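Below you'll find the structure, written out as structure tokens, and then a few comments.
Values in this text are rule-based calculations from the coordinates and carry no lab data. Since the model is a prediction, treat every value here as computed from it, not as a measurement. Counting neighbours? That spans all protein chains shown, and the Cβs are built from the backbone with ideal geometry, glycine included.
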Amino acid sequence: MEEKKEKIDPELKEIIIYRILSSKLPENIKMSIGDMSGRPMSITEIAEHVEAEDDIGQIVIEMELNYLRALKEGIIPKIQNA
């Protein structure tokens, strides 16, 4: 049976894409998301996966949401100050 993917709120997706594209990483930096992409991807390519909400995009969305939750709960400053 095929699993239905939940659509993310468009405003939240926009925030995630903005966070990705506004990162301070140089444009020539490539990143891998496990072995799913088959090759390292640019920041722009990662944002495109988020926009498409495909398997890679879903992973990035979940990572960003986890980060934002941790930030909201005050976990990030505790880790940084440890």
> surrounded by 11 or more Cβ atoms within 10 Å (Cβ to Cβ), without any contact (Cβ under 8 Å) to a residue 40 or more places away in the chain and of a type in the set (A, V, I, L, M), is that true of ILE79?
Replying inline: no
> In the stretch 36-76, which residue that is surrounded by 14 or more Cβ atoms within 10 Å (Cβ to Cβ) and either in contact with a Leu (Cβ under 7 Å, 6 or more places away or on another chain) or among the hydroxyl-bearing types (Ser, Thr, Tyr) (or both) is nearest to LYS7 (Cα to Cα)?
Replying inline: ALA47
> Can you pull out the helices (runs of 4 or more DSSP H) entirely within the chain that have at least 2 residues that are in contact with an Asp or Glu (Cβ under 7 Å, 6 or more places away or on another chain) and of a type outside the set (Phe, Trp, Tyr)?
Replying inline: 10-21
> Do you know which of the residues in the stretch 20-35 that are free of Cβ contacts under 8 Å to residues at least 40 places away in the same chain and closer than 24 Å to PRO10 by Cβ is surrounded by the fewest Cβ atoms within 10 Å (Cβ to Cβ)?
Replying inline: SER22
